[in-house]
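Q: Here it is: the structure, laid out below.
The values are calculated or read from the model by the stated rules, or taken from the named source; none is laboratory data. Computed from a prediction, not measured in an experiment: that's the story for all the values here. Positions of Cβ are backbone-derived with ideal geometry, glycine not excepted, and every protein chain shown enters the neighbour counts. Only protein heavy atoms, including side chains, enter the accessible area calculation; ligands, DNA and RNA are left aside. Shrake-Rupley method; radii C 1.70, N 1.55, O 1.52, S 1.80 Å.
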Amino acid sequence: MMKRLTEKEWKPIKIIDIFETVKPGKISRANQFEKVSNGGVNYIAATNRNNGVLYHLEPSEDLKKKVQAGNCIGFIKDGDGSAGYAIYKHEPFASTVNVIYGYADWLNRENGLFFVAAQDMIEDKYSHGYKRNLQHLRGDKVMLPVDDKGNPDYAYMTLYSTEVRGRMLMRYKNFIAGQLSQLEHKDIPALDEKEWKKFKAFGDDGILDIATTSSSIDGIRLKDGQTKTLPYVTRTDNSNGIARFVSSDNLSYGYDDAGCITVGLDTQTAFWQPHDFVTGQNIQIISGKRLNQYLAQFIVPLLRSQMTAKFNWGGNGATLGRMKRLEIMLPVTDAGMPDYKYMEQYTKNMMLKKYEQYLAFIDR
């Protein structure tokens, strides 16, 4: 039986000693290469999102000279909120010079992911003003489980990650099975086969209601607690607008109910929120009697498109007054009214398609 993490002996290991080769990325200016929406070569930037992938590049002859082999650990040198972060890269890639890569014969996907999680404690050491350069990397140590000889136990790390990953995939498959049981595919017209009409989005004669958030908590005022399960929604464009999870003690500031859409001022972000939550500053709340997760997922991209076209950061942001004047194009019934049933079913069909793709990916 595999030992638990707490049953293993751990030692601080100098990072530079366990990698046979350490070298930076090769691209100093990514804009000299053409971006592509599908396929292409992953471009790794100094970001802690999407496992370092910023976008994809056309695999031209010039780019092929810059491509690096996968199965390595990337150590991010710089970046606001990203300095000190580490990623495991399995596939070949092209990269900014602001990431340093370590290669070793012991490395594989499973123990690589274990290593990345173990070195998380180092991230707080670095910031945009204190970069993780090669000299600093040479001094970094990471706590790793060791074998009887005091050497990093790579076999244990591989086995542990494999078991954890298997359990997570099973939980995800069970989640998808539950979601699929609630969805039924129905044949409906394509988007371009429907008639569309312009409607006022908000207000007394609008299709939805909009108001300011009930909480609006500045990050420095958040209350700490041992259990952090309450979503803290901000103007970020990542993770459904959730910056982090906080203690339920913050409900004392006020909160917003589940089943609404949050909108970030200035950033023009919009997300469906399925759980009660508290927010940062400059968040608006969209609600409505007909609003549910399926209708919301149809409307959110339309809202974001309109906000991006009409508003921008600074003097022309998405204020409450400006949002109330917003109009939105929607598919309509034969009577010329918003076709809510169609929009909901379209979303359900898309969700079914995506869940089936996820299951196929997991099975592969």
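Q: List the number of the failed condition for R235; all other conditions in (1) under 25 Å from H185 (Cα atoms); (2) open to solvent by 50 Å² or more (accessible area, probe 1.4 Å); (3) in contact with a Gly (Cβ under 6 Å, 6 or more places away or on another chain) hold.
A: With (1) under 25 Å from H185 (Cα atoms); (2) open to solvent by 50 Å² or more (accessible area, probe 1.4 Å); (3) in contact with a Gly (Cβ under 6 Å, 6 or more places away or on another chain) applied to R235, the lone miss is (1).
Q: Also, quick follow-up: So, in segment 254-289, how many residues would count as being in contact with a Lys or Arg (Cβ under 8 Å, 6 or more places away or on another chain), crowded, with 22+ Cβ neighbours inside 10 Å and within 16 Å of D218 (Cβ to Cβ)?
A: The number of residues fulfilling the criteria is 2.
Q: Identify, from the list F271, F277, F245, the residue that is closer than 21 Å to M329 by Cβ, within 21 Å of the chain's Cα centre (by Cα) and among the aromatic types (F, W, Y).
A: Selected residue: F271, the only one of F271, F277, F245 that is closer than 21 Å to M329 by Cβ, within 21 Å of the chain's Cα centre (by Cα) and among the aromatic types (F, W, Y).
Q: Here's another thing I want to ask about it. Look through segment 139-180, keep the residues that are polar (S, T, N, Q) and over 25 Å from the mean Cα position of the chain (by Cα), and return whichever of them is surrounded by the most Cβ atoms within 10 Å (Cβ to Cβ).
A: My answer is T158.
Q: Just checking, which of D209, D140 is of a type outside the set (A, V, I, L, M) and closer than 20 Å to M343 by Cβ?
A: Sole residue among the options that is of a type outside the set (A, V, I, L, M) and closer than 20 Å to M343 by Cβ: D209.
Q: Taking the residues in segment 341-358 that are free of Cβ contacts under 8 Å to residues at least 60 places away in the same chain and touching a helix residue (DSSP H, G or I) at 6+ places or on another chain (Cβ under 6 Å) as candidates, determine which candidate is nearest to G178 (Cα to Cα).
A: The residue in question is T347.
Q: Out of everything in segment 192-207 that is out of contact with any helix residue (DSSP H, G or I) (no Cβ under 7 Å at 6 or more places or on another chain) and within 17 Å of A270 (Cα to Cα), what residue ends up being least open to solvent (accessible area, probe 1.4 Å)?
A: The residue in question is A201.
Q: Go through segment 208-232 and count every residue that is more than 17 Å from L320 (Cβ to Cβ) and surrounded by 13 or more Cβ atoms within 10 Å (Cβ to Cβ).
A: Summing the residues that are more than 17 Å from L320 (Cβ to Cβ) and surrounded by 13 or more Cβ atoms within 10 Å (Cβ to Cβ) in segment 208-232 gives 8.
Q: Can you name every residue in segment 18-40 that is in a strand (DSSP E or B) and either within 26 Å of Q119 (Cβ to Cβ) or modelled with pLDDT of 95 or more (or both)?
A: Once the filter is applied, which keeps residues that are in a strand (DSSP E or B) and either within 26 Å of Q119 (Cβ to Cβ) or modelled with pLDDT of 95 or more (or both), segment 18-40 yields T21, V22, K23, P24, I27.
Q: Sort out which residues of segment 333-364 are closer than 18 Å to D192 by Cβ, β-branched (V, I, T) and surrounded by fewer than 17 Cβ atoms within 10 Å (Cβ to Cβ), and write them in order of number.
A: The one that is closer than 18 Å to D192 by Cβ, β-branched (V, I, T) and surrounded by fewer than 17 Cβ atoms within 10 Å (Cβ to Cβ): T333.
Q: Quick one: which strands (runs of 3 or more DSSP E) lie wholly within segment 58-109 and hold at least 2 residues that are under 20 Å from the mean Cα position of the chain (by Cα)?
A: It comes to 72-76, 86-89.
Q: Filtering segment 115-130 down to residues that are under 24 Å from the mean Cα position of the chain (by Cα) and in a loop (DSSP other than H, G, I, E, B), which residue is surrounded by the most Cβ atoms within 10 Å (Cβ to Cβ)?
A: Y126
Q: Filter segment 181-209 for residues that are more than 30 Å from the chain's Cα centre (by Cα), touching a residue at least 40 places away in the same chain (Cβ under 8 Å) and not in a loop (DSSP other than H, G, I, E, B); which is nearest to L352 (Cα to Cα)?
A: By that ranking, first place goes to W196.
Q: Within segment 239-270, which residues are of a type in the set (S, T, Y), outside any loop (DSSP other than H, G, I, E, B) and under 19 Å from L291 (Cβ atoms)?
A: Hits for segment 239-270 are T262, T269.
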